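Here's the structure, in structure tokens; my notes come after.
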Amino acid sequence: MANKIDFSKLERLTPRADSWDKVCKRLDAAAKATPVGKIISIKAWYSAIPIAASIALVSLTVLLPALTHTDATETISINSSAPSEVMSWYSSLGNSTSDDFDTLEETVGFSYLIKE
Amino acid sequence: MDEKVILQHLMEGSREALAMLWQAHSENVLNLAFRMLKDRDQAEDILMDVFVQVPKAVQGFRGQSALGTWLYRLTVNACLMKLRADKRHRELESENLDTIIEEVLGEGDTWEENFDAELLEKGLGQLPAETRSMLWLKDAEDLDVKDLAEIYDMPEGTIKARLSRARHLVRDYLKERKDHG
């Protein structure tokens, strides 16, 4: 193009002889300083944190009810939990010939209820 | 070796591929950096910086342009960052350039290119670093306007206008110095 500026008279540089070696040394030093596989970049962290939090939340939602689950129909024997006074009173119900209704002493019954 | 093959090897971290890239483009990168920074040592530093960052930067290169064009882009960006960091960027801003150029437009293009190199260096020194590098890539390295648009991330029309204005400014400077010399 006739309109061009003629740069042919300007000095054209060539890279110094040791420049390539310096590039290689810098690359080697960088490779030693940052072994592959041990780096987790900041950007990776930025995306990993919300993903990990989401996974943890979903896991807890699924696992917590399972860990705290108890059998709603589990049978608990009264023999193993009630005190002897209560058992004695319970077994004698209906066996007496007396017309009086044999009531359980209040303190025994109350303490049993509190315990339960 | 085909550029796509070189690119593939570069992405795999091949030092040989990087050496081939160095052989093919290091001189162009150095001269572009020298045109922008006007300092040989700093231009060498930019050259090395650019090639040190290639193995990492190439991972984000999609291969939509030539490797040379991509390297020019890295170089221009590195030089602009260097100039900004050094706070030495006291050259004419584009707006000032526009004002000056308006005064010289229309004087004709019958300029004879018989000026000396030193005067041309001074004339180029009147341009902002980015425009100077643009002119260098177009007129000395024969890059297309399309490539320049990609390197500088500007519309082709803007590139053409800036090149035209830059040429006028340099020629006007040279003419003035010659008339007074």
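Read the figures in this text as sums done on the coordinates, not as results from a lab. Because the structure is predicted, anything quoted here is derived from the model rather than measured.
Whose amide H sits under 5 Å from the amide H of A:ALA82, counting only residues 5 or more places off or on another chain, with H placed in the peptide plane?
For A:ALA82, whose amide H was placed from the backbone, there are no distant partners under 5 Å.
Work out from phi, with θ = phi - 60° and the Karplus expression 6.51 cos²θ - 1.76 cosθ + 1.60, the ³J(HN,Hα) of each residue of the range B:141-154, listed in order in whole Hz, and give x for Gly and Pro.
9, 6, 7, 6, 4, 4, 5, 4, 4, 6, 5, 9, 6, 9
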